[in-house]
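Comments concern the structure below.
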Amino acid sequence: MTTNVQPIVSDEAYDVEAIRKQFPILKEQIRGKKLVYLDNAATCHKPQVVIDAISNFYSHDYSNVHRGVHTLSERATKKYEDARKKVQQFINAESSDEIVFLRGTTEAINLVAQTFGKANIGEGDEVLITAMEHHSNIVPWQMLCKESGAVLKVAPINEKGELIFDQFEALISDRTKLVSVVHMSNALGTVNPVKKIIDLAHAKNIPVMLDGAQAIPHLAVDVQELDCDFYAFSGHKLYAPSGIGALYVKREILEKMPPWQGGGDMIRTVTFEKSEYNSIPYRFEAGTPNIVDTVALGTALDFVSEIGIEAIAKHEQALLDYATEKALKIEGMRLIGTAEDKGAILSFVLDKVHPHDIGTMLDHCGIAVRAGHHCAMPVMDFFEVPATARASFAMYNTFEEIDILMDGIENLIEVFG
């Protein structure tokens with residue numbers, strides 16, 4: 001059994017048990033064992049207020065938005081647009097007009113590639129990313145480069161999983177038209193020096209996009225302070241439903257971007273000869289939107305804000321420090337991603353045990369971790385592993401759960417010899 005290591009950081013004001021009571025799924029049992037859910041980087045669970053928001057909206061307020069003068073449509077429209085204002089406030093955008101609703105981070109990056117990218121990136125131009133990117137911040141740029149004749153450049157990382165900044169800087173050239181980097185790596189936990197990246201790029205008049213899917217539930221995000229040009233995130237990693245996310249774009253850029261889908265609501269007038277497009281952000285939201293989940297996203301942001309993102313971050317950092325200390329004492333357990341600035345993700349491999357077997361065996365103990373390449377195959381190639389097991393922490397996880405995880409790993413090592 002693992003030794004009893006005391007938490008490195010403790011905050012008595014943070015009532016994790018009270019928070020856990022807000023999440024009904026945490027009462028579930030898996031294979032007769034208490035659920036220990038440590039797969040939050042893939043998706044996190046929903047508090048009762050978010051679940052209730054969905055039910056209540058369908059029960060009392062549901063109608064299509066922006067298209068009716070009757071009471072239900074006006075109610076639905078107000079709640080939908082209130083959610084847009086909540087996103088604006090949560091990331092401190094200057095205006096709610098700079099917030100576009102989409103299915104999530106993947107769709108947001110594709111939107112930027114297909115609109116801003118097609119309009120501004122041509123043959124011989126360059127897009128700069130890093131070697132730690134999720135596939136969603138690789139493949140859209142590969143597609144754009146193949147179509148336009150542009151070149152995708154990749155800044156390297158070191159053995160800790162950190163960006164090698166001087167090599168990143170050296171890759172910026174007169175042909176660089178966009179920098180697109182992950183704020184926090186989903187496979188490694190690395191938090192990139194995004195403000196430094198943005199300042200460097202802007203000194204050369206290069207816009208910067210941030211993939212905020214992992215960062216948004218763990219870090220305070222202020223897009224005006226960062227001065228990023230694009231910021232994308234998914235609701236399902238932020239205690240909101242799946243299928244809803246948001247893209248922030250600076251107004252002066254968004255106003256120049258062409259729409260990428262045609263249909264209702266993104267137009268002012270339509271004739272068979274031509275169409276006049278709607279104002280921002282609506283020209284990027286063709287068709288009936290995901291109304292209910294958008295409203296629930298607003299509820300999730302209220303929930304997180306009430307607890308406080310700084311308090312959540314402190315608790316999660318304490319969990320990560322505790323888990324890291326215990327992991328380093330287990331012989332045969334190798335951590336993948338040991339950056340100095342790191343979020344609440346612990347990726348690891350075990351000698352002689354495939355990560356998929358780790359995931360399967362831990363599931364028999366009621367422990368949910370992710371096993372695989374985490375949609376970051378180039379990261380796995382860099383570390384010369386086929387996959388990793390990944391434990392990722394959220395506001396509702398506890399030190400006791402980490403003890404259960406580490407005991408499970410030690411038992412697994414014993415079983416596999």
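Restricted to segment 18-43, and to residues that are out of contact with any Ser or Thr (no Cβ under 9 Å at 6 or more places or on another chain) and assigned to a loop (DSSP other than H, G, I, E, B), which residue is surrounded by the fewest Cβ atoms within 10 Å (Cβ to Cβ)? My answer is 32. Looking across 330, 307, one residue alone is under 17 Å from residue 396 (Cβ atoms), touching a helix residue (DSSP H, G or I) at 6+ places or on another chain (Cβ under 9 Å) and aliphatic (A, V, I, L, M). It is 307. Out of all the residues in segment 26-53, which are over 18 Å from residue 391 (Cβ atoms) and β-branched (Val, Ile, Thr)? Once the filter is applied, which keeps residues that are over 18 Å from residue 391 (Cβ atoms) and β-branched (Val, Ile, Thr), segment 26-53 yields 49, 50, 51. Could you tell me whether any residue of segment 374-390 is within 23 Å of residue 315 (Cα to Cα) and crowded, with 19+ Cβ neighbours inside 10 Å? Scanning segment 374-390 turns up at least one residue that is within 23 Å of residue 315 (Cα to Cα) and crowded, with 19+ Cβ neighbours inside 10 Å. Restricting segment 165-175 to residues that are in a loop (DSSP other than H, G, I, E, B) and not basic (Lys, Arg), the residue that is surrounded by the most Cβ atoms within 10 Å (Cβ to Cβ) is 172. The residues listed here are 248, 239, 277; of these, the one that is under 30 Å from residue 205 (Cβ atoms), in contact (Cβ under 8 Å) with a residue 60 or more places away in the chain and in the same structural domain as residue 200 (by TED's automatic domain parsing) is 248. Taking first residues from segment 84-100 that are among the charged types (D, E, K, R) and partners that are exposed (fewer than 14 other Cβ atoms within 10 Å of the Cβ) and modelled with pLDDT under 95, the Cβ contacts under 8 Å between residues at least 6 apart in sequence or on separate chains come to 97/279.
Of all residues in segment 125-159, those that are surrounded by 20 or more Cβ atoms within 10 Å (Cβ to Cβ) and in a strand (DSSP E or B) total 7. Picking from residues in segment 284-296 that are modelled with pLDDT under 95 and over 29 Å from residue 177 (Cα atoms), the one that is surrounded by the fewest Cβ atoms within 10 Å (Cβ to Cβ) is 287. Residue 80 fulfils the conditions (1) touching a residue at least 12 places away in the same chain (Cβ under 8 Å); (2) under 18 Å from residue 264 (Cβ atoms); (3) not in a helix (DSSP H, G or I) except for a single criterion, (3). For segment 334-379, a tally of residues being touching a Phe, Trp or Tyr at 6+ places or on another chain (Cβ under 8 Å) and farther than 25 Å from residue 414 by Cα returns 1. Yes or no: segment 381-401 includes at least one residue that is out of contact with any strand residue (DSSP E or B) (no Cβ under 8 Å at 6 or more places or on another chain), under 26 Å from residue 31 (Cα atoms) and not in a loop (DSSP other than H, G, I, E, B). Yes; the residues of segment 381-401 include at least one that is out of contact with any strand residue (DSSP E or B) (no Cβ under 8 Å at 6 or more places or on another chain), under 26 Å from residue 31 (Cα atoms) and not in a loop (DSSP other than H, G, I, E, B).
Selection within segment 332-364: residues that are assigned to a loop (DSSP other than H, G, I, E, B) and over 23 Å from the mean Cα position of the chain (by Cα). The member of this set that is surrounded by the most Cβ atoms within 10 Å (Cβ to Cβ) is 354. What's the total number of residues in segment 79-90 that are under 15 Å from residue 231 (Cβ atoms) and either crowded, with 24+ Cβ neighbours inside 10 Å or at pLDDT below 95 (or both)? Qualifying residue count, segment 79-90: 2. Counting only helices (runs of 4 or more DSSP H) that sit completely within segment 177-283, zero hold 3 or more residues that are at pLDDT 95 or above, of a type in the set (Asp, Glu) and farther than 19 Å from residue 121 by Cβ.
Scanning segment 352-399 for residues that are more than 20 Å from residue 160 (Cβ to Cβ), among the charged types (D, E, K, R) and touching a residue at least 60 places away in the same chain (Cβ under 8 Å) turns up 352, 363, 370. When segment 93-109 is filtered for residues that are surrounded by fewer than 22 Cβ atoms within 10 Å (Cβ to Cβ) and in contact with a Leu (Cβ under 9 Å, 6 or more places away or on another chain), the ones remaining, listed by number, are 97, 107.
Considering 178, 188, 226, the condition of being in the same structural domain as residue 108 (by TED's automatic domain parsing) and surrounded by fewer than 24 Cβ atoms within 10 Å (Cβ to Cβ) is satisfied by 226 alone. Residue selection: residue 250 satisfies the criterion of being within 21 Å of the chain's Cα centre (by Cα) and basic (Lys, Arg).
The values are calculated or read from the model by the stated rules, or taken from the named source; none is laboratory data. Not measured: the values here are computed from a predicted model. Using ideal geometry, Cβ is built from the backbone for each residue, glycine included, and neighbour counts are taken over all protein chains shown.
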